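Inspection log for the structure reproduced underneath, given as structure tokens.
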Amino acid sequence: MSWPFLTIAVGTFGGTIAAGLNIPLGWLIGAMVFTGTLCCFYDQARVPVGLRYLGQTVIGLSAGLSLTPVLLGHALTFTPYILGGVFISIGLGLALSGFLARAANLDPTTAFFASVPGGVAEMSNLAERYGGDVAAVAIAQTLRIFMAVLTVPFLARVFGHSAGHHAPLAAGTLATPGLLALLATLATILSWILMQRRIPNAWLLGAMAVGAGAALTTATRFSVPTWSLDLAQILIGTSLGARLRRKALRSHRRLLPTTIASTALLLAGNLVLGLSLAALTGAGLTTAILSTSPGGLAEMSLTAIALKADVSLVVAFHLARTLIVALSSLPLYAATRRLSGRKASP
């Protein structure tokens, strides 16, 4: 039996059902839930990492191609709100680290890196470097993204559909196969270079840079085929679901309910932040909720594309958070350790 093939097949089946039920971001959510269930029962189930890279490349190209000069200029006018929203979001995560430490009986290092809204791999690596529980951090970060993907599209649908004041989006012209092949090749080369330099989200950012370059240097706004975005949802969804492992979950039983509660509070806080952003700036509610959500860059970019939100603003918020988290995690960790009277040393 080919477990990667079976895992993808199960994810595709789940995505098909969810999409047929008209669930927001159905291909991704269905694939994620069905694959996660499979992986909790069968440790052999897995998804080749190259398929996740393929999904990220499609998302990156699609998001990048939407970053026209008008939309990019529009996003830059939100710079103060982007920075303020990012720091508040990080602050909410740090505020909940104490709750996570006490309720789940985690050491301060593990609780810190489990609570900062960063990437799963990046936060896990830092936790290992500073003596934290790597498995606990990976579980907490994975559950955060898992819950964000499950809830944020629904929240955006419930509270959203308010267009607000956003830059006009020109109708996209479907890119020709030749152009798509060229863009994909350039994206692959750039992403590989970024990955060699250990840049987080290298395949997403490389493709996004190539797509943005094309959007900013041509008069025509191109778009990728709809089926490729559906495929990207399936690949990202199965990759997320495959992170759930029964053995790891069983060994951290106390962490699960605490992480779910902590993430629910984080989601609620970010929802209030999104509603406030919409009220202050006139941005569409859907766009504001997606921009301030604690989900991952790839997942929220894809959600913005699927829900026809202002992709430029959503990408700007999450890119800023990714960069600021990457630059500030260690200084913030050192500061929290000094405040607690302990020395931060790898």
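Residues of the range 278-288 that are hydrophobic (A, V, I, L, M, F, W, C) and open to solvent by less than 10 Å² (accessible area, probe 1.4 Å): A283, A288. Scanning for something under 22 Å from M300 (Cα atoms), among the basic types (K, R) and at pLDDT 85 or above, does the range 96-119 turn up at least one residue? Within the range 96-119, none of the residues are under 22 Å from M300 (Cα atoms), among the basic types (K, R) and at pLDDT 85 or above.
Residues that are touching a Pro at 6+ places or on another chain (Cβ under 8 Å) and either β-branched (V, I, T) or assigned to a helix (DSSP H, G or I) (or both) do not occur anywhere in the range 275-295.
Scanning the range 41-63 for residues that are surrounded by fewer than 17 Cβ atoms within 10 Å (Cβ to Cβ) and in a helix (DSSP H, G or I) returns F41, V49, G50. Please enumerate the residues belonging to the range 124-145 that are under 16 Å from T322 (Cβ atoms) and surrounded by fewer than 24 Cβ atoms within 10 Å (Cβ to Cβ). If the condition is that a residue be under 16 Å from T322 (Cβ atoms) and surrounded by fewer than 24 Cβ atoms within 10 Å (Cβ to Cβ), then N125, L126, I145 are the ones that fit. Scoring T220 on the criteria (1) in a helix (DSSP H, G or I); (2) over 20 Å from the mean Cα position of the chain (by Cα); (3) farther than 30 Å from L327 by Cβ leaves a single failure, condition (1). Only a single criterion out of (1) more than 22 Å from I236 (Cα to Cα); (2) modelled with pLDDT of 85 or more; (3) among the hydrophobic types (A, V, I, L, M, F, W, C); (4) in contact with a Leu (Cβ under 8 Å, 6 or more places away or on another chain) is not satisfied by F159, namely (2). I'd like to verify a number: residues in the range 20-41 that are closer than 13 Å to A306 by Cβ and of a type in the set (A, V, I, L, M, F, W, C), how many? Residues that pass the stated criteria total 5.
Conditions (1) open to solvent by 10 Å² or more (accessible area, probe 1.4 Å); (2) in a helix (DSSP H, G or I); (3) of a type in the set (D, E); (4) out of contact with any Asp or Glu (no Cβ under 7 Å at 6 or more places or on another chain), marked per residue:
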position: L240; (1), (2), (3), (4): no, yes, no, yes
position: L244; (1), (2), (3), (4): yes, no, no, yes
position: R250; (1), (2), (3), (4): yes, yes, no, yes
position: P257; (1), (2), (3), (4): yes, yes, no, yes
position: A268; (1), (2), (3), (4): yes, yes, no, yes
position: S312; (1), (2), (3), (4): no, yes, no, yes
position: V315; (1), (2), (3), (4): no, yes, no, yes
position: H318; (1), (2), (3), (4): no, yes, no, yes
position: R321; (1), (2), (3), (4): yes, yes, no, yes
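Taking the options I236, I199, name whichever one is outside any loop (DSSP other than H, G, I, E, B) and closer than 23 Å to E122 by Cα. Of the residues listed, the single one that is outside any loop (DSSP other than H, G, I, E, B) and closer than 23 Å to E122 by Cα is I236. Residues that are in contact (Cβ under 8 Å) with a residue 12 or more places away in the chain and closer than 15 Å to R198 by Cβ within the range 121-139 comprise A121, E122, M123, S124, L126, R129, listed in sequence order. Per the listing A219, A184, the residue uniquely modelled with pLDDT of 90 or more and either open to solvent by less than 50 Å² (accessible area, probe 1.4 Å) or over 22 Å from T303 (Cα atoms) (or both) is A184.
Looking only at residues of the range 101-142 that are of a type in the set (D, E) and assigned to a loop (DSSP other than H, G, I, E, B), we find that the one that is nearest to Y333 (Cα to Cα) is D107.
As a summary of the residue check, S66 satisfies the conditions (1) at pLDDT 90 or above; (2) buried (at least 22 other Cβ atoms within 10 Å of the Cβ) except for the one numbered (1).
Considering only the range 97-123, state which residues are open to solvent by less than 20 Å² (accessible area, probe 1.4 Å), within 20 Å of the chain's Cα centre (by Cα) and among the aliphatic types (A, V, I, L, M). Within the range 97-123, A114, V116, M123 qualify. Of all the numbered requirements in (1) in contact (Cβ under 8 Å) with a residue 12 or more places away in the chain; (2) out of contact with any Lys or Arg (no Cβ under 6 Å at 6 or more places or on another chain), S239 misses one, and that requirement is (2).
The values are calculated or read from the model by the stated rules, or taken from the named source; none is laboratory data. For clarity, every value in this text was computed on a predicted model and none was experimentally measured. Quick reminder, even Gly has a Cβ in these numbers, built from the backbone with ideal geometry, and neighbours come from all protein chains shown. Surface areas here come from the heavy atoms of the whole protein model, side chains and all, with no ligands, DNA or RNA. Shrake-Rupley method; radii C 1.70, N 1.55, O 1.52, S 1.80 Å.
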